[in-house]
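Read the figures in this text as sums done on the coordinates, not as results from a lab. Every value quoted in this text rests on a predicted model; they were computed, and no experiment measured them. Cβ atoms come from the backbone with ideal geometry, glycine included; neighbour counts cover every protein chain shown.
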Amino acid sequence: MARVPYLTEADLEPDNRDLLARNINLYRALVHSPNTARQFGALGMHIRYEMTLDPRLRELAILQVGYMARAPYEYAHHIEIGRRVGVTDDDVRAIATESAGGTSALPLLDRTVLLAARELSAAPALNDDTYTTLSEHLDNEMLVDLITSIAFYCGVVRVLGALQIDVEDDCLHYLEEFPFAPE
């Protein structure tokens, strides 16, 4: 149960109703602070639609952040979003393998993106070797896009957890298909 009520368009001033264009629980909670919701959403949409980073790599990084934080909302939603940009079921399963210290069949760049997301989920800096490998495959704009995406979603999972945002019923099946590893 969320710690703040989920608002609807009827609860908002007319000039803030656009904030619920995506009527999902996260936004329905964030609109308690319309200006914060607007800026939060703007950066999220920039990451999703305007960055030069390959969308599949972006989603792998976001999924890894969600997996590391054991954030069901983030993880479930981004399995769905990831599938739209080419993330396969094997890719999602590879996140569990890589997180457990194994080596998946993913290409080196994909595995390094996952490693970067794990490192930045745990600490505020990347290992030099991780950065070097990324820089051999991505230009500087893509590197900044990747690191910004990971950092933003490290924050998102904290908002989700602190406010205890519920996963919508239509996304729950992703958590059954791709459960978190037991702790």
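Things to note:
- Once the range 82-100 is narrowed to residues that are assigned to a helix (DSSP H, G or I) and among the polar types (S, T, N, Q), the residue that is surrounded by the most Cβ atoms within 10 Å (Cβ to Cβ) is 99.
- So residue 109, is it touching a Leu at 6+ places or on another chain (Cβ under 8 Å), over 22 Å from residue 173 (Cα atoms) and without any contact (Cβ under 8 Å) to a residue 60 or more places away in the chain: yes
- Residue within the range 114-122 that is among the charged types (D, E, K, R) and within 21 Å of residue 50 (Cα to Cα) present: no
- The lone exception for residue 176 - which of (1) in contact (Cβ under 8 Å) with a residue 12 or more places away in the chain; (2) among the acidic types (Asp, Glu); (3) farther than 19 Å from residue 51 by Cα it fails: (1)
- Any hit, the range 2-23, residues being at negative phi, touching a Phe, Trp or Tyr at 6+ places or on another chain (Cβ under 9 Å), surrounded by fewer than 14 Cβ atoms within 10 Å (Cβ to Cβ) and not acidic (Asp, Glu): yes
- Considering (1) within 17 Å of residue 159 (Cα to Cα); (2) buried (at least 18 other Cβ atoms within 10 Å of the Cβ); (3) under 12 Å from the mean Cα position of the chain (by Cα); (4) not aliphatic (A, V, I, L, M), the lone condition that residue 41 does not fulfil carries the number (3).
- Any hit, the range 114-132, residues being loosely packed, with under 12 Cβ neighbours inside 10 Å, among the hydroxyl-bearing types (Ser, Thr, Tyr) and in a helix (DSSP H, G or I): yes
- Yes/no for residue 103 being more than 15 Å from the chain's Cα centre (by Cα) and loosely packed, with under 11 Cβ neighbours inside 10 Å: yes
- Filtered residues of the range 120-157 (kept if within 22 Å of residue 44 (Cβ to Cβ), touching a helix residue (DSSP H, G or I) at 6+ places or on another chain (Cβ under 8 Å) and without any contact (Cβ under 8 Å) to a residue 24 or more places away in the chain): 143
- Within the range 152-183, being exposed (fewer than 15 other Cβ atoms within 10 Å of the Cβ) and of a type in the set (A, V, I, L, M, F, W, C) holds for 162, 172, 181.
- For the range 12-57, the tally of residues that are under 26 Å from residue 139 (Cα atoms) and of a type in the set (Asp, Glu) stands at 2.
- Of the residues 12, 57, 63, 19, the single one that is under 13 Å from the mean Cα position of the chain (by Cα) and more than 19 Å from residue 158 (Cα to Cα) is 57.
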